[in-house]
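S.K.: Below you will find the structure I want to go over with you.
The values are calculated or read from the model by the stated rules, or taken from the named source; none is laboratory data. All values derive from a computational prediction rather than experimental measurement. For neighbour counting, all protein chains shown are included, and Cβ atoms are generated from backbone atoms with ideal geometry for every residue, glycine included. Ligands, DNA and RNA are stripped out before the accessible areas are found, and what is left, the full protein with its side chains, is counted by its heavy atoms. Shrake-Rupley method; radii C 1.70, N 1.55, O 1.52, S 1.80 Å.
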Amino acid sequence: MAFRIHAGEYAVPCVKINPALFAMHTGRAPRYSTPPALTSIVLIMIWIASAMHSFAQNRLQSDTEREIPASPQNPDSLLLQLKGHYNAAVAQNNEQQAAGYLQQIGQLLFISGHYPQSLDYLLQAEKIFRNRNRQHLLAANLDMLGELYYRTRRPQLARKQYDEALAIYQNLKQESGKAEIYGRIGHLYEKREMYDSAFYFQRKALQSYQLDRHTDGAAKIYENIGSIYEDLEQYDSAYYYFNRAYALNTQTRNVRAQVEVVNNLGDVLRKTGRFREGLSYSIQSLNLAQTNGERYQVSSAYNDIAKAYNLLARNDSAFHYLTLSRTLLNDIYSEESNKQLALLQTLYEIEKKDNEIQQLTQARRIDTLISIATGVVIILVILVAALIISRQRLKIRNEQKLRAQHKQVYETRNQLMEVELKNKKLEEEHLKQQLETKTQELSSYTLHVIRKNQLLEDLRTRLDEMIKDDKRDQRKQIRALSGQISEGLQDDQHWEEFRGIFEQVHQSFFDRLQQQTGPLTANDLRLIALIKMNLTSADIATLLGISQDSLRVIRHRLRKKLNLAAGDNLSAYIQSI
């Protein structure tokens, strides 16, 4: 089993169980013959042990660059301690420090596998970091949130957190922070088997770590790249990068990282058929793990040694180491279960206590508010009662004054209404008199024009008869006189005066006419006005200075302009406007 370390993230195991590998990895027959029953038992035990290790190592996390240990001995005590610090920071109104403790509590719960509670605390910390614009702390918090979403199988949300954290680190020009996020993104692509993208981001992470001279980080990236090659079954390249990681870890004396790299080297050697060399690496990993007190790694080393002995057909030894691995793993499970129970109990007690405190605080606030409200209500009742009595007295006095005023106003209004009524009657009578006067004027004016035109028409007729005589000089003078009379008959000045009087009698008549019809000429308007006055055709012809035959033609043209049907009466239509 190979343990992969990704840049700045927790160790995630990659277990590939291939039953054929345990029997014949390279296609060569085993040197020793073993009873089939024992071989089957050992294979089954190895498979079970590998599965158990896969589950166990999913809970194992690296403590690199973290304030909280990856596997604290007393998580319940540590949780109480952090909670106490958080309460103290809140009491001192130190919001940023409180957010830091929220972040550490969320990280502790994440390490312990309590993801929903961890998410709640990390989101609270994120909100504070955003409000206070603490970019570096926000980026670290987003990094944790991304890892939490990844563990809960929500890679899209994880990538969103990683991208925002990466943008912050780029603005801050922090190469190590960028490298850590690149490594995480590369790991996401590796899990999706998009190996080109995985290589791209892992190499960008390596470049950033090298720029920052971060040797431990570079070693992790070398190991990540080796793991990708191992997935692709390019074991020579995997072996090369694992060796690069091991050299850097040796240089920095990072014993814990050495255990994992040596374990990976042994795994690669086993997969390439070099069982004895792989066994030596597994034994070396066991010694390093025992020295460093890494019990998970000791159990894993036991399991890998059992695999190697199985491939070497030494099933007795394989069975022995599998038993050791299983026993140690059971002990670890027992301890972790006890820690989980203790942490859950502590978390429950903390939440219960917080709820009780919140309820008490709320009850006190409610009691205080009720007391204040009661006092305010009593005072208000007294004030309102006094105000009501005072207002009632004032109201009685004001009502008496208002009654007198209303009476006076009523009498005054009646007098004004009577005066207004009289004025309206006088105004109506005046308007009627004006209308009658204008109507008389219009009629008188019309009759005057008719008489004048009749006289002029008679004169023109007589002159026309005189023109027929043979006296040429007399004919010329008479013709000039006839022309002057014709000009008098067509004078527009009288029409304008007539129109002014007509519009006073028939107000807005021409406006309404224009709205119902199209454009009309001045002669059309004259004819319509005369028809509106109910004049006879003879009078209209006389006023217009034309014959009745010409008048009929003009009336016919007017009907077309007014779009009247054949049976419609022109005079009735004009009277209706």
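S.K.: Farther than 30 Å from P116 by Cβ and either in contact with an Asp or Glu (Cβ under 7 Å, 6 or more places away or on another chain) or not aliphatic (A, V, I, L, M) (or both): does that describe R365?
M.R.: Spelling it out, it is not the case that R365 is farther than 30 Å from P116 by Cβ and either in contact with an Asp or Glu (Cβ under 7 Å, 6 or more places away or on another chain) or not aliphatic (A, V, I, L, M) (or both).
S.K.: Still on this structure, please answer the following. Inside the range 292-318, can you point out the residues that are under 55 Å from the mean Cα position of the chain (by Cα) and either closer than 15 Å to N264 by Cα or in contact (Cβ under 8 Å) with a residue 12 or more places away in the chain (or both)?
M.R.: Answer for the range 292-318, where residues must be under 55 Å from the mean Cα position of the chain (by Cα) and either closer than 15 Å to N264 by Cα or in contact (Cβ under 8 Å) with a residue 12 or more places away in the chain (or both): N292, E294, R295, Y296, Q297, V298, S299, S300, A301, Y302, N303, D304.
S.K.: State which residue is farthest from L108 (Cα to Cα) when the search covers only the range 357-373 and only residues that are open to solvent by less than 60 Å² (accessible area, probe 1.4 Å) and either modelled with pLDDT of 75 or more or among the aromatic types (F, W, Y) (or both).
M.R.: A373
S.K.: Here is a list of conditions, (1) polar (S, T, N, Q); (2) at pLDDT below 75; (3) surrounded by fewer than 15 Cβ atoms within 10 Å (Cβ to Cβ), and Q516 meets all of them except one; can you say which number that is?
M.R.: Tallying (1) polar (S, T, N, Q); (2) at pLDDT below 75; (3) surrounded by fewer than 15 Cβ atoms within 10 Å (Cβ to Cβ), Q516 fails exactly one: (2).
S.K.: Against the conditions (1) open to solvent by less than 60 Å² (accessible area, probe 1.4 Å); (2) under 28 Å from A257 (Cβ atoms); (3) not aromatic (F, W, Y), where does D354 fall short? Just the number, please.
M.R.: Condition not satisfied by D354: (2).
S.K.: OK, next. Restricting the search to the range 281-299, which residues are surrounded by 16 or more Cβ atoms within 10 Å (Cβ to Cβ) and among the small types (G, A, S)?
M.R.: Matches in the range 281-299: S282, S285, A289, S299.
S.K.: Checking E399 against (1) farther than 30 Å from I501 by Cβ; (2) open to solvent by 100 Å² or more (accessible area, probe 1.4 Å); (3) among the acidic types (D, E), which single condition isn't satisfied?
M.R.: Every condition holds for E399 apart from (2).
S.K.: Residues in the range 540-563 that are farther than 20 Å from G500 by Cβ and part of a helix (DSSP H, G or I): how many? Quick ask: steps written out before the conclusion?
M.R.: Step one: list which residues in the range 540-563 are farther than 20 Å from G500 by Cβ, which gives 541-542, 545-563.
This time we only want the ones that are part of a helix (DSSP H, G or I), so: 541-542, 548-561.
Result for the range 540-563: 16.
S.K.: Could you tell me which residue of the range 220-257 is least open to solvent (accessible area, probe 1.4 Å), considering only residues that are hydrophobic (A, V, I, L, M, F, W, C) and in contact (Cβ under 8 Å) with a residue 60 or more places away in the chain?
M.R.: Among those residues, the one meeting the criterion is I221.
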